[in-house]
Amino acid sequence: MTAQEVRLCGLLLQEHFGNVVEKVGTHLIRSGVLTLRALAHETKLPLDLVKKSLCVLVQHGMCTFGAGRRGPAGPVEYRINCERVFHMLRYPRYIYTAKSLYGDTGELIVEEILQRGQMTMSSTVKTVADRLTHNMPEGQSMDYSEVVSAFSQLVETHFLQRCPLASAGSSSSGAVDTPLPVATQNFLVINSYDIYSTLSQGKRRRSSEDGEADQCAAKKARTDDSECGDDRIYWQVNFQRFHLHFRDQAIISAVSCKLDQSSSEIVRTMLRMSEVTTPAHAAFTQALSANEIFRALLSSYNIARPILDQYLSLLVDDPMEFVGKTGDSGGGMYVVNLHRALANLARATLESVVQERFGSRSARIFRLLLRKRHLEQKQVEDFAMIPAKEAKDMLYKLLSENLVQLQEIPKTPDYAPSRTFYLYTVNQLPTARLLLQHSYKTVGNLMERRLYETKENKRLLEKSQRIEAILASLQATGAEAAQLTEVEEMITVPERQQLESLRHHINKLDSSENQVDETIFLLKSYINSTQASR
Amino acid sequence: MTEVKVKKESTDPVDIENRIKELCLQFPHGITDQVIQNDMPHVEVQQRAMAINRLLSVGQLDLLKNSNGLLYRLKDAQSASKVKGSDNQEKLVYQIIEDAGNKGIWTRDIRYKSNLPLTEINKILKNLESKKLIKAVKSVAASKKKVYMLYNLQPDRSVTGGAWYSDQDFESEFVEVLNQQCFKFLQSKAEAARDSKQSPMVQRNSSLATSHEVWKYICELGISKVDLSMEDIETILNTLIFDGKVEMTIIAAKEGTVGSVDGQMKLYRGVNPIIQPTGLVKTPCGLCPVFDDCHEGCEISPSNCVYMAEWLDF
């Protein structure tokens, strides 16, 4: 765990869960693995607070527990999964994706589950239906079945998954292996047994088919879980699936930028067909034959068969190698080169960082070194067609920022400088790691600035909140217009302007956090894919 | 016995020399000692050697060495007359410089090859320069170094730097202009291909341009005072590849099609970048020069960052 990662985790935990959880979490990250007693002792917090924070973290899947170093008989040890904490940065993106795929219902479902960590289906459906009904005009209400269908769609496409049953004494790792086919089966079983088989609407009493109706009605005030019969079946968001979706989106947009719209549609079809069959960190998708692709293409694209063949051969011939051909049966077997595409995207990210930071000529040198691997200084000047003095200056600047490395090849056993070759080189993987750490630090900086801005203007924010509360209460009791304007004028114009600019600042910082998160996602996928393929 | 004597006396040194010269004319590539011996078997080694030495000193014969041994070649009359009037040392230095061809040779290398002291060399070089037989050319690689070559030779590209250097200065604006022109040509070709709305294969092939086409276009534009060869244009196109704006493919072409080199042709195509500028550089931290010094609580921190303040008010 690098210092920047620990700092970012601390900031995220504080923002979402508060100071106590942040203290416990940061300490646990720094120490690695700890027992409950040790944790309470070292953070000097009361035991029950520590217990509650750990509960919160476990609920969200960020903390895992298992048998410790002393074996099953010894105390349980806890560890934090940092990756899971970083996913909190990406929550807006997940919610937006769910909205674009499944509409408002999907969006609210994902939002609820992200907020609570794990939820049963019944409670999710109820909450979402209530929320939607609340926003609808009077007289209408949200049908439970719509929400249920949205939920089941999310499960079928693997965006939601079942949490594994944590049995006592077994060590469950933080990563949830995907019991996906099992989950779908069980879900269907539950669904038919569930009360939602009958028509139900928001905020109404429900009737169930089996004889538990009276008991359910009686317990209704208390818990929802037990009455619904899907007790202990919790659902959580399948982050990996969302990440695969983001990765596919990145590849498709890259293809459409490089080639054209139709090629990107073909790649989109290919990726959609191999969504559920390709394992997570595979370097290639499953091989698809041209016949299958043609059948799967939506008719709205209007691509004829020979044209499709031409597009496929163009994709294969492209130097970026997004698509590869693995055989000739069935009209040609094609795969999408996932690892190669991620490497190209990461490389484009590195190049764009160098370009924006140091100028286009330095970017030329950087790309030249990426292509030609090892070059002497004189060769760099010749290939890049940059005058010697400027080329030297740029190379040294890149070297000082660690984006470019120097490789010494001696001619004699003593490394005499006059008799050694000095070659410049760029290694893509370590440079990607370096930029990833920079990105973590940047996000931390942005969050701290946001907290600072909020703190500076705390007085003003509180005042505006009080005024709004007064206004709301006055409106509820039906005050006159004159009273309302009087209350509104309590905020002066400069204060209003200040509030406006504060809002603008905070929005800007928020959106830039999301943008940096995109960079983090690309670099992290590339690094994971490279490590998996090693 | 007397006959033998007569024969011996009749081999006059001049005759030997003339005979050798005739032999050289017969074999323009040069003759070895063996050939002279075969032709005049009655001539003794000493006389032969003397004749050859005389011809060499007068400057009518050239001594060359190849893998088999020594070769003698007739020097043409013009160059023979040039060095008349110079002494042996000068002739030696002149010969060394001539051998260096159009790459030129440095004073230190002349010294090594001729084993003459430095002062002598300098005197001889000044002499030859005043006679307009050699000239000094400044090398572009090391600006203090001077290389010497024959007066009427064109300096080689490696010394002057070729088309991109004028008077030892790298012409960056010229290169930039060429860069942009080539890119515009390729980009317009790609756009024309895209707008033509034909089948994708045809579209792609029509957006490709061979290096020959680009070369012709640049020549016709007439922005270059110097004649540019196809290799020059290819180096410019390579810089465009390193800018990420152009990609290249090599195809096999029939020998004889215009623009093909060794049975291959290079094709270039303008491309778009595959991603937008990444999120990290849209924030001030991505471009900050003091990024590594920034920590919370220090003088430079996110809370009091001037770059962020400016960026937020934008």
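The values are calculated or read from the model by the stated rules, or taken from the named source; none is laboratory data. These numbers were taken from a predicted model, which means no experiment stands behind them. As a convention, Cβ positions derive from the backbone with ideal geometry for all residues, glycine included, and neighbour counts pool all protein chains shown. These accessible areas exclude ligands, DNA and RNA; they are computed on the full protein's heavy atoms, side chains included. Shrake-Rupley method; radii C 1.70, N 1.55, O 1.52, S 1.80 Å.
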When you go through (1) hydroxyl-bearing (Ser, Thr, Tyr); (2) under 30 Å from A:Met394 (Cβ atoms); (3) more than 14 Å from every other protein chain (Cβ to nearest Cβ) one by one for A:Tyr440, which number turns out not to apply? (3)
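One line per residue, one yes/no per condition, for (1) at pLDDT below 85; (2) open to solvent by 60 Å² or more (accessible area, probe 1.4 Å); (3) touching a His at 6+ places or on another chain (Cβ under 9 Å); (4) more than 23 Å from A:Ala250 (Cβ to Cβ):
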position	(1), (2), (3), (4)
A:Tyr301	yes, yes, no, no
A:Ala304	yes, no, no, yes
A:Gln310	no, no, no, yes
A:Leu314	no, no, no, no
A:Val323	no, no, no, no
A:Gly327	no, no, no, yes
A:Gly330	yes, no, no, yes
A:Asn337	no, no, no, no
A:Arg340	no, yes, no, no
Of A:Lys524, A:Lys455, which residue is over 21 Å from A:Leu350 (Cα atoms), within 14 Å of chain B (Cβ to nearest Cβ) and of a type in the set (Lys, Arg)? A:Lys455
Checking B:Trp311 against (1) open to solvent by 30 Å² or more (accessible area, probe 1.4 Å); (2) without any contact (Cβ under 8 Å) to a residue 24 or more places away in the chain; (3) of a type in the set (A, V, I, L, M, F, W, C), only one condition comes out false. Which one? (2)
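Test A:Val354 against the criterion of being under 30 Å from B:Glu171 (Cβ atoms) and either more than 9 Å from chain B (Cβ to nearest Cβ) or open to solvent by 30 Å² or more (accessible area, probe 1.4 Å) (or both), and give yes or no.
Yes.
Mind telling me which of the residues A:Gly61, A:Gly74, A:Gly103 ends up being at positive phi and not in a helix (DSSP H, G or I)? Write out each step before concluding.
On the way: A:Gly74 fails: at positive phi; A:Gly103 fails: not in a helix (DSSP H, G or I).
So the residue among A:Gly61, A:Gly74, A:Gly103 that is at positive phi and not in a helix (DSSP H, G or I) is A:Gly61.
Go through segment B:1-95 and tell me which helices (runs of 4 or more DSSP H), entirely inside it, have 2 or more residues that are at pLDDT below 70. Don't jump to the end; show me each part of the working.
Details: elements: B:2-10, B:13-26, B:33-39, B:45-58, B:77-82.
Because the criterion is at least 2 residues that are at pLDDT below 70, the helices (runs of 4 or more DSSP H) in segment B:1-95 that meet it are B:2-10, B:77-82.
Any residue in segment A:477-499 that is closer than 30 Å to A:Gln428 by Cα, open to solvent by 30 Å² or more (accessible area, probe 1.4 Å) and either within 33 Å of the chain's Cα centre (by Cα) or within 14 Å of chain B (Cβ to nearest Cβ) (or both)? Give the derivation first.
Here is the first cut: in segment A:477-499, the residues closer than 30 Å to A:Gln428 by Cα are none.
No, because not a single residue in segment A:477-499 is closer than 30 Å to A:Gln428 by Cα, open to solvent by 30 Å² or more (accessible area, probe 1.4 Å) and either within 33 Å of the chain's Cα centre (by Cα) or within 14 Å of chain B (Cβ to nearest Cβ) (or both).
Among the residues of segment A:278-299, write down those that are open to solvent by 70 Å² or more (accessible area, probe 1.4 Å) and modelled with pLDDT of 80 or more. It would help to see each step written out before you state the result.
Within segment A:278-299, the first condition is being open to solvent by 70 Å² or more (accessible area, probe 1.4 Å), and the residues that meet it are A:279, A:281, A:284, A:286, A:292, A:294-295, A:298-299.
Answer for segment A:278-299, where residues must be open to solvent by 70 Å² or more (accessible area, probe 1.4 Å) and modelled with pLDDT of 80 or more: A:Phe284, A:Gln286, A:Glu292, A:Phe294, A:Arg295.
So which of B:Pro273, B:Pro277 is in a loop (DSSP other than H, G, I, E, B) and touching a residue at least 12 places away in the same chain (Cβ under 8 Å)? I'd like the intermediate steps shown before the answer.
On the way: B:Pro277 fails: touching a residue at least 12 places away in the same chain (Cβ under 8 Å).
Among B:Pro273, B:Pro277, only B:Pro273 is in a loop (DSSP other than H, G, I, E, B) and touching a residue at least 12 places away in the same chain (Cβ under 8 Å).
Quickly run through segment A:516-534 and pick out the residues that are closer than 26 Å to A:Ile252 by Cβ and open to solvent by 60 Å² or more (accessible area, probe 1.4 Å).
In the first step, residues of segment A:516-534 are kept if they are closer than 26 Å to A:Ile252 by Cβ; the result is A:516-533.
Selection gives A:Glu518, A:Gln531, A:Ser533.
One line per residue, one yes/no per condition, for (1) assigned to a helix (DSSP H, G or I); (2) touching a residue at least 60 places away in the same chain (Cβ under 8 Å); (3) farther than 23 Å from A:Gln4 by Cα; (4) under 38 Å from the mean Cα position of the chain (by Cα):
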site	(1), (2), (3), (4)
A:Arg371	yes, no, yes, yes
A:Glu408	no, no, yes, no
A:Pro413	no, no, yes, no
A:Ser418	yes, no, yes, no
A:Leu434	yes, no, no, yes
A:His438	yes, no, no, yes
A:Gly444	yes, yes, no, yes
A:Arg449	yes, yes, no, yes
A:Tyr452	yes, no, no, yes
Residues of segment B:282-299 satisfying the condition of being more than 8 Å from chain A (Cβ to nearest Cβ) and surrounded by fewer than 17 Cβ atoms within 10 Å (Cβ to Cβ): B:Pro289, B:Val290, B:Asp292, B:Asp293, B:His295, B:Gly297, B:Cys298, B:Glu299
Quick one: would you say A:Met394 is more than 9 Å from chain B (Cβ to nearest Cβ) and within 18 Å of A:Val426 (Cβ to Cβ)? yes
Among the residues of segment A:290-312, are any within 12 Å of chain B (Cβ to nearest Cβ), outside any strand (DSSP E or B), closer than 25 Å to A:Ser529 by Cβ and over 30 Å from the mean Cα position of the chain (by Cα)? yes
Determine if segment A:44-53 includes at least one residue that is touching a Phe, Trp or Tyr at 6+ places or on another chain (Cβ under 7 Å) and either buried (at least 17 other Cβ atoms within 10 Å of the Cβ) or outside any helix (DSSP H, G or I) (or both). no
Can you name the residue in segment A:505-514 that is open to solvent by 60 Å² or more (accessible area, probe 1.4 Å) and either within 8 Å of chain B (Cβ to nearest Cβ) or in contact (Cβ under 8 Å) with a residue 40 or more places away in the chain (or both) and, of all such residues, is nearest to B:Cys305 (Cα to Cα)? A:Asp510
